[in-house]
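One structure is given here, and the rest of the page talks about it.
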Amino acid sequence: MRSSTQFAVSAAVAATAVSTGASSSDCLGFDTCPDFPQPYGPGSYPTSYNYTGTFPSDFVWGLGTASYQVEGAYNEDGRGASIWDTFTGANTVGMVGSVCNETPCPINEAQFDKGATGNVACDQYHQYKEDVKLMVSLGLKNYRFSIAWPRVVPTGSVADGVNELALQYYDNLINELLANGITPYVTLYHWDLPQALLNSGNATNPTYGWYETDENGHPNAKVVDHFVDFAKICFGRYGDRVKTWLTFNEAWTFLYLGSGSGKAPGIAEYNNVSTYPYIGGHNVLIAHAKAVKLYRDEFQASQGGSIGITNNCDWREPASEADVDVGAAARGVEFWLGWFADPLYFGDYPESMKRVVGDRLPTFTAEESALVKGSADFFGLNHYGTGWVTNSEDPEWMEIHGVVSEEGFPQAESIWLFGAGWGLRKLLNWVNLRYGNPDIFVTEGGWSLPADSAAEAQHDLDRTGYYANYTSEILNSIVEDGVNVKGYFAWSLMDNFEWERGYVERFGVIFNDFAFGTDENTATNQTHQPTAGSQVRTPKDSACWLSQLWQTNSLLDPDFQC
């Protein structure tokens, strides 16, 4: 069938994985070269997928969004400015925390879709009741969303005041979900840092976001305690109804890509990927661990919830059986996912990463190590695509000393997204083996496709094929490999603000007509921006397909027609 092979690697490319051999000393960062990752070996990659089988009865199916991508209402009801408002050039003049004094506010050069902002986005701040009705019509039982820190705490500091109108909005959203049989899964930080916490130019109160160090150069950011204070507000207000918390979403993305590679903040003083992502990452891990300790000490026993963090990683497959390529691919996963997951389970960074990055990678104090180790009740994992890795003598991207190629994989609309369902199965096995069989929730996965109208978006066969093949491999990992995958959240509920790509790319299983019109609070292209009050959502075929999957809790042929 058409979809069964769409996300399988071509046989010609698979056949290039041949044994060449190398000495173990050639595997940079390792005492002994790693074994070739299983379950699939070179030349044995799937060319089709199985679509029969049933998931465990308690498997969690859901959809997700993020506050800045869907809420809109960026300057309403006391919300403070965020770093994404600044990055996109939104008019933040007069807003709490703003670093823009006059319009037009500058647009970061890395913002691809110039003029696109989260000013209005999907207008969910005003349309949440209609959106919940739409979720109900799909049979959705679990919805993952994030709480906007700058909406709840405009300056980022609880000491400066908490926004009751914002708290009430999330009360309303959570209550609406629960009243309709939908369980909320809440992320505390999905990239929208209050701008007031990243302003080194403030003469009286300079702030440095996640990048701050002490006088000895050790990460020690004031933002850590501000985040914990924000988390405490959320736990106390919503923990009687929210039973699953995620502290951070994709620290790798907002730190590594946020240091000059397309994501906010993307400002010159921190655009050095050889240092600042590692400083920021250390601070984020400490903030996560402190928030978890707070939750466990003060809330978990009475509220009965669980808490974790979600990290992301595309699978990195050795381009050959050569030990050096196997080592390079292993570095590709350890330097990405292991960077943020190893400390949660071992109290330290991956040894390979420490050897390659050297003293630019911060060192955990004994107290920090003890705090971070064990600070997750489950393993949150975002996964989208796969690539081949060939060893390189040069550091290359992420200092993995490997070159990544996506030859032979189908590509989504996004320039970075290349699909292979078997890559997810390999990554799940990697997590399972490395971290001792934890409960895993795949908290994001999706496929972008272009569409300018609901009619054009309707028959999104490639997206359905993606989900069919990825869910097939999830079930294989559970049944055949013994991996404890507990849930899968597709991304995304609806087309939304796709970060630096603005409204150019669409990941939603629901088409969103943004009612493009005039937004005078953008810096350019003001006449083609989302407007509030008249947006229309239209489910795509993938939404109907997922609805059937959720109802039957069984694998579904990608050619299934609703």
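The values are calculated or read from the model by the stated rules, or taken from the named source; none is laboratory data. Please read these numbers as outputs of a predicted model, since none were measured by experiment. Reconstructed Cβ throughout: ideal geometry from the backbone, glycine too, with neighbour counts over all protein chains shown. Heads up: the accessible areas ignore ligands, DNA and RNA and are worked out on the full protein's heavy atoms, side chains in. Shrake-Rupley method; radii C 1.70, N 1.55, O 1.52, S 1.80 Å.
A search for C-beta distances below 7 Å between a residue of segment 408-420 that is buried (at least 17 other Cβ atoms within 10 Å of the Cβ) and any residue that is among the acidic types (Asp, Glu), counting only pairs 6+ apart in sequence or on different chains, returns 413/505; 414/505; 418/406.
Under the condition of being in contact with an Asp or Glu (Cβ under 9 Å, 6 or more places away or on another chain) and of a type in the set (Gly, Ala, Ser), the residues counted in segment 389-444 number 7. Within segment 424-450, the set of residues being in contact (Cβ under 8 Å) with a residue 24 or more places away in the chain, open to solvent by 10 Å² or more (accessible area, probe 1.4 Å) and farther than 20 Å from residue 56 by Cα comprises 430, 434, 435, 436, 449, 450. In this entry, residue 389 passes the filter for residues that are of a type outside the set (Phe, Trp, Tyr) and either open to solvent by less than 60 Å² (accessible area, probe 1.4 Å) or in contact with a Pro (Cβ under 6 Å, 6 or more places away or on another chain) (or both).
Residues that are hydroxyl-bearing (Ser, Thr, Tyr) and out of contact with any Leu (no Cβ under 7 Å at 6 or more places or on another chain) within segment 234-286 comprise 238, 244, 253, 256, 259, 261, 270, 274, 275, 276, listed in sequence order.
Just one of (1) closer than 21 Å to residue 79 by Cα; (2) in contact with a strand residue (DSSP E or B) (Cβ under 9 Å, 6 or more places away or on another chain) fails for residue 134. It is (1). Can you pull out every residue in segment 240-272 that is in a loop (DSSP other than H, G, I, E, B), touching a Pro at 6+ places or on another chain (Cβ under 8 Å) and among the hydroxyl-bearing types (Ser, Thr, Tyr)? Answer for segment 240-272, where residues must be in a loop (DSSP other than H, G, I, E, B), touching a Pro at 6+ places or on another chain (Cβ under 8 Å) and among the hydroxyl-bearing types (Ser, Thr, Tyr): just 259.
Evaluate the following for residue 106: is it assigned to a loop (DSSP other than H, G, I, E, B) and either within 23 Å of residue 167 (Cα to Cα) or touching a Phe, Trp or Tyr at 6+ places or on another chain (Cβ under 6 Å) (or both)? Here the answer is no, as residue 106 does not meet what is asked.
Scanning segment 185-209 for residues that are more than 25 Å from residue 64 (Cα to Cα), buried (at least 16 other Cβ atoms within 10 Å of the Cβ) and not polar (S, T, N, Q) yields 196, 197, 198, 208, 209. Name the residue that is farthest from the chain's Cα centre (by Cα), counting only residues in segment 269-319 that are open to solvent by 10 Å² or more (accessible area, probe 1.4 Å) and closer than 22 Å to residue 424 by Cα. Filtering first and then ranking leaves 319. Within segment 116-138, is even one residue open to solvent by less than 60 Å² (accessible area, probe 1.4 Å), at pLDDT 95 or above and of a type in the set (Phe, Trp, Tyr)? Within segment 116-138, one or more residues are open to solvent by less than 60 Å² (accessible area, probe 1.4 Å), at pLDDT 95 or above and of a type in the set (Phe, Trp, Tyr).
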